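Reviewing the structure listed below.
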Amino acid sequence: MTRRIDVFLQYYKPHVSGLTNMAATLAEFAAAQGYDVHVHCVAKAGASTVSEIDGVTVHAYRRSFSLGRGNFSLGFLAAAWRVRSLPGIAHFHLPLPESAFFAWTLRHRPLVVTYHCDAPMIGPLGTLAAKALDISHGALIRKSSATATSSMDYAENSRLSKLFRSVGSRGIPATSLDRAGGSPRYAVADRRQIGFLGRPTSEKGIDVLIEALDRLPEDVMLTLAGPLDGLSDDVGYDRARLQQLIDAGRVRSLGFLEETDIADFYASLDLFVLPSTNSFEAFGIVQVEAISAGTPVVASELPGVRTIPRNTGYGEIAPVGDAEGLAEAIEAALSSDYDRPRSRAVLESVYLPPVPENAYMAIFDSLSSEAKRS
């Protein structure tokens, strides 16, 4: 009998985010192990579609309406109703506002929850939305057969920490790629280069990084890899100030990098910086990938995020939202000689593939075997 997994999340490929990348990695890995994997998501635009991507059947449902960061689809909800009686596992990537609905609709199937992050409480409406999400997420987690977060540090500091303890949540690192072997073709002569990779949205702390750069020696250059255009108006930093720094040669923007360019980007840096400022950042896959390329990191003192430099010993931790503290951590990292072989050993035993993937496969295999026996 074919083993089936139905995966539910808001967006899937070609959308790019840490959550989406991890969901795709796990879905493709499970498909390669013989599972019949169906991903259910909301389409970014246009009509509902069904396609096969890298061995995974992807059902993208037409968006019905949007609210804040979320896009909602009646077809997405109907999908859960259609598959409710099918054999197999349902795997959810949270945040997912519809979680309470899924908890009820799919209550007779084995449920696996990957809880990526708390929604930050910003302003009255943001706080209300976050509390509503917590309630919905809690309903699904209580019904789940297995719940995982990217680290126990994050789980213990989450607003849902008591619930995680009560259900026996486990810490499984987010999936990442080994970026070793890149060529430093983005290096700049006579400059020490610090870098950031990702969408420079408000929670990423780019404003703090820009202010920290002003406190660093002139030979330190910031290189951004990721789109600067097409972002929301609320990016959280002074666009004009960033452009001044680009014009002055203190900052360079490479734009969106193709997958084949990322290892070279990391290899070109003296230091990778992740100055995130709120709970949307729970892990920081880019840290693992930078260290795999031999590049040390400076990361914010955020639950989950801080565990990677701590565990690998390959970088520094900076206070959240503190430009002076970030600048001090950057200078300390640039002048330090870290133990690369030790950090590599930690990566290979804890973070790099196939360690996280195999941890999820153990959950899927166990639940599939239990379902077959029953």
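Read-outs: derived from the displayed coordinates by stated rules, not from any lab. Nothing here was measured: the structure is a model prediction, and the numbers come from that model. All Cβ positions, even for glycine, are placed from backbone atoms using ideal geometry, and neighbour counts span all protein chains on display.
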Check your understanding: What is the distance in Å between the Cα centres of the range 236-293 and the range 31-49?
Key -> 30
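If each DSSP helix of 4+ residues adds -39,500 (n - 2.57) and the sum is divided by the residues in the chain, what number results at 222 nm, nearest 500 deg cm²/dmol? It would help to have the intermediate numbers written out before the result.
On the way: 14 runs with 143 residues, N = 374.
It comes out at -11500 deg cm²/dmol, rounded to the nearest 500.
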Point to revise | Within-9-Å neighbourhood charge of S276 [Cβ basis; K, R +1; D, E -1] | key: -1
Point to revise | Top of V286, V208, V50 by mean-square fluctuation, Gaussian network on the chain, Cα under 10 Å | key: V50
**Study point:** J(HN,Hα) series, the range 211-224, from Karplus relation 6.51 cos²θ - 1.76 cosθ + 1.60, nearest Hz, glycine and proline x
**Key:** 5, 5, 4, 5, 9, 9, x, 5, 7, 8, 10, 9, 10, 9
Review point. Could the peptides 21-33, 175-187 be put in order, highest first, of the mean number of other beta-carbon atoms found within 10 Å of their residues?
Key: 21-33, 175-187
Study note, to complete from the structure: Phi-derived 3J(HN,Hα) across the range 54-61 with the Karplus relation (6.51, -1.76, 1.60, θ = phi - 60°), rounded Hz, x for Gly and Pro, is 6, x, 10, 7, 10, 9, 10, 9
Exercise for review: Taking the chain as the reference, fit the longest principal axis to its C-alpha atoms, fit the long axis of helix 123-143 to the helix C-alpha atoms, and give the angle between the two in degrees, 0 to 90, nearest 10.
Suggested key: 50
Exercise for review: Mind putting a number on the dipole of the range 192-350 about its Cα centre? Charges go on the C-beta only, +1 for Lys and Arg and -1 for Asp and Glu, and I need it in Debye to the nearest 20.
Suggested key: 320
**Study point:** Given charges at Cβ of Lys, Arg, Asp, Glu: the chain dipole, positive-most of I363, V251, A318
**Key:** I363
Review point. With axes computed from alpha carbons, what is the tilt in degrees of helix 18-32 against the longest principal axis of the chain, rounded to the nearest 10 within 0 to 90?
Key: 50
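Could you give the dipole magnitude of the chain about its Cα centre, charging the beta-carbon of Lys and Arg +1 and that of Asp and Glu -1, in debye to the nearest 20? Display every interim value, and only then the final one.
On the way: 36 positive and 42 negative charges, 401 e Å.
Dipole of the chain, to the nearest 20 debye: 1920 debye.
First check a/c for the range 268-340, with a ≥ b ≥ c the square roots of the eigenvalues of its C-alpha gyration tensor; if it is under 1.5, answer rounded, and if not, answer prolate when a/b is larger than b/c or oblate otherwise.
Numbers: a/c = 1.79, a/b = 1.20, b/c = 1.50.
Judged from the Cα gyration tensor, the range 268-340 comes out oblate (a/c at least 1.5, b/c at or above a/b).
Does the range 192-350 classify as rounded, prolate or oblate by the C-alpha gyration tensor (a ≥ b ≥ c root eigenvalues; a/c under 1.5 gives rounded; else a/b over b/c gives prolate, otherwise oblate)? Can you show the working numbers first?
On the way: a/c = 1.44, a/b = 1.42, b/c = 1.01.
Cα axes put the range 192-350 in the rounded bin.
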Check your understanding: If the cut-off is a Cα-Cα distance under 24 Å, which lysines reach K131, setting aside same-chain residues fewer than 8 apart in sequence?
Key -> K143, K162, K204
Review point. For the range 182-215 and the range 125-153, what is the separation of their Cα centres, given in Å?
Key: 33
Study note, to complete from the structure: Out of L222, F272, A47 - ranked by how far each Cα lies towards the positive end of the dipole of the chain, with unit charges on the beta-carbon of charged residues - the top one is A47
